[in-house]
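Have a look at the structure below before the remarks.
Every number in this text was worked out from the coordinates using simple rules, so none of it is lab data. What you see is a predicted model, and the numbers here were worked out from it, not measured in a lab. For neighbour counting, all protein chains shown are included, and Cβ atoms are generated from backbone atoms with ideal geometry for every residue, glycine included.
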Amino acid sequence: MDTPGAPSSDTASRATGTRPRASAACVLLLLLAACTPVTPVLTPAPNATRAATAGAPLPASPAATAPVPPTPPATDTPLPAASPAPALGRPAQALDAALDLPAHTLAVRQVLTYPNTSGVALDTLVFDVAPDAQPGVLALESFSVDGAPVAPARDGPHWTVSLPRPLAPGALARIETRYTLALPSIPAGASDSTGGFGWTVRQTNLSDWYPVVAPYRDGAWLVHAPFGAGENLALEAADFDVTLTLQNAPGASVAASAAGTAGEAGGATRWRFTANVLRSFALSVSPEYVVTEQRVDGVLVRAYLFPEHQEAGAAALAAVARALQVYGQAYGPYPDPQFSLVEADFGDGLELGDMVFLGYSFFAEYDGTPRNWLTLIGAHETAHQWWYNQVGNDQALEPWLDEALCTYSELVFYENVYPDAVDWWWDFRIRRFAPQGYVDSTIYDLPEFRPYVNAVYLRGALFLSELRAAMGDEAFFAFLRRYVAANRGRIATRADFWVAAGDVPARPALEQRYFAPPSPAPR
Ligand SMILES: [Zn+2]
């Protein structure tokens, strides 16, 4: 784990430092299976120019921080078998999963109702199957489309399925599959890239644990290989109906991407969760969690903490609750009734739909002040509920669209909540790294994490600071609210960003300073 204040650390986390990972080739699957490796582009960047922190903070209103008593789960709620809701132009995922906690196995029946919104007939579907990136994890038992058995062509985490008949524009496909996951153990010292899926002796985590149909854009399926320092998924928002049967797990608590109800079923505990318009649905199970909660602006914020970190946990809960309120005022409201903060038994932070992980070491190193990684990364990961969960993006090819905005959101948080710490934030987060590199770098351009973070996160924040100074505070935050409103539930692009920004005379100069020059060939 990294040491705050050690900018040259090579063991730090995704949010904070350098962590080289195994290399792999990028693939962009074009229709059937055309594979286009992406050559890393390492282009010298102009020196970073630090922009002034423009303008006054947003008006803050006090948070409602009084703890509320835990809500007991309903014990008599009927738990029907998973059945997809009518698709409303987005996929509907019905997942019925049984977790044997000591055996580390998850048996899943999944019914995905997929609407063809592409405008053209599709004769194949391409799936992102993140668990299949690791050999030996996913055992496929059956796969069918509209009742007809089909054998997917499995290429690691990318599956191509030839449809029994073409799927007309506007039509629905019902994909039913059964599989068992042999969950991997999360190694000691793991970061978010491996910590979000698998088990430790304290915690079992399920992020990106089910197949999704990849986005289809401009005649191509947007699937990208895991690579380097960044995340690689482009995810459509979906509706979820998730049933989790917990076996051999007395006393375990379940953190999830939605509020749930629990009942007994044959000696096991059966949970059911429903949520709409989420980028992903995650679960985390531990017999050790101490659960605390507070309500802010109508949102129930729940923290799942290890017992040795109650003081730091209370600070983290207060920070993410306050961040939800600040961003709700700045960007538009948080749209869902619940948000979960989970202490991770691994390093770094990880954003998921309506849920975030914060790394164990952030809690262990908490110093009683807001000037630390726990508060800073808590604010960062909470911002992903706007930049990732509400407004999606291609995390492999346009990671700046979520990471630059989340890093800049840290500053928005400090301006509003701890204005005396704003200068500290600039020094601690940005200046000491003297960041260089193009803001619009892909995860394949910069495979080492420190250069990637410096370019995409840190110079991204510098770019946004200059854009705010050029537009003025009122116009800048009005632009971000327009951007969210126009792209909520969508996968936004750089073009969408500038459409929402409107006519910005400083745009050419800013793009020249911060973005890669236009290339005649696709990067
Ligand atoms: Zn982030």
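Say each of A153 and E474 gets a label point 7 Å from the Cα, pointing the same way as Cα to Cβ; how far apart are those two points in nm?
If labels sit at A153 and E474, their model points lie 5.7 nm apart.
Would you work out which of G219, A229, P307 lies farthest towards the positive end of the dipole of the stretch 219-323, given +1 charges on the beta-carbon of Lys and Arg and -1 on that of Asp and Glu, about the Cα centre?
G219
Could you work out how far apart the two model spin labels at R431 and T274 are, taking each label as a point 7 Å from the Cα in the direction of the beta carbon, and quote it in nm?
Here the modelled spin labels are 5.3 nm apart.
Based on the mean of other beta carbon atoms within 10 Å per residue, what is the order of 398-406, 509-517, most packed first?
398-406, 509-517
What order do you get for H380, H158, H309 when you list them from fewest to most C-beta neighbours inside 10 Å?
H309, H158, H380
Contact order normalised by length for the stretch 87-185, with contacts defined as Cα pairs under 8 Å and 6 or more residues apart; what percent is it?
The value is 37 percent.
Rounded to the nearest Å, what's the spacing between the alpha carbon centres of the stretch 239-288 and the stretch 310-332? Just the number, please.
Measuring centre to centre over Cα atoms gives 24 Å.
Which net charge results for the neighbourhood of A506, defined as the other residues with beta-carbon distances under 12 angstrom from its beta-carbon, given Lys and Arg at +1 and Asp and Glu at -1?
Summing Lys/Arg as +1 and Asp/Glu as -1 gives 0.
What is the packing order of peptides 448-459, 381-392, 225-236, 161-172, taking the mean over residues of other C-beta atoms within 10 Å and listing the highest first?
So the order, starting with the most tightly packed, is 381-392, 448-459, 225-236, 161-172.
How big is the shadow of the Cα convex hull of the stretch 126-202, averaged over all directions, in nm²?
6.5 nm²
Starting from the Cα-Cα distance between D297 and A486, subtract it from 0.36 nm times their residue separation and give me the gain in nm to one decimal.
In short, 65.8 nm is gained.
With +1 assigned to the C-beta of every Lys and Arg and -1 to the C-beta of every Asp and Glu, and no other charges, what is the dipole magnitude of the stretch 388-523 about the Cα centre in debye, to the nearest 20?
200 debye
Quote to one decimal, in nm, the extra length available between A182 and S253 on full extension: 0.36 nm per residue of separation minus the C-alpha distance between them.
Length gained between A182 and S253: 23.5 nm.
Taking N as the number of residues in the stretch 148-192, what is its alpha-carbon radius of gyration divided by 2.2 N^0.38 Å?
The reported ratio for this selection is 1.75.
Starting from the 7 Å offset along Cα-to-Cβ, what nm value, one decimal, do you get for the label separation of R217 and H104?
3.6 nm
Highest mean first, how do 342-349, 297-304 rank when packing is the count of other Cβ atoms within 10 Å averaged over residues?
Going by the mean number of other Cβ atoms within 10 Å, highest first, we get 342-349, 297-304.
Provide the per-residue ³J(HN,Hα) series for the stretch 167-179, in order, calculated from phi with Karplus coefficients 6.51, -1.76, 1.60 and θ = phi - 60°, each as a whole number of Hz, with x at glycine and proline positions.
8, 5, x, x, 7, 10, 10, 10, 10, 10, 9, 10, 7
Quick check: the distance between the Cα centres of the stretch 433-452 and the stretch 152-190, to the nearest angstrom?
31 Å
How many Å³ per residue does the convex hull of the Cα positions in the stretch 397-523 occupy?
Taking the convex hull of the Cα positions in the stretch 397-523, it is 117 Å³ per residue.
Taking 0.36 nm per residue of sequence separation and subtracting the Cα-Cα distance, how much length would be gained by fully extending the chain between W424 and E264, in nm to one decimal?
Once the chain is fully extended between W424 and E264, it gains 52.5 nm.
Considering every pair of different Cα atoms, what Kirkwood radius, in Å, is found for the stretch 365-436?
12.9 Å
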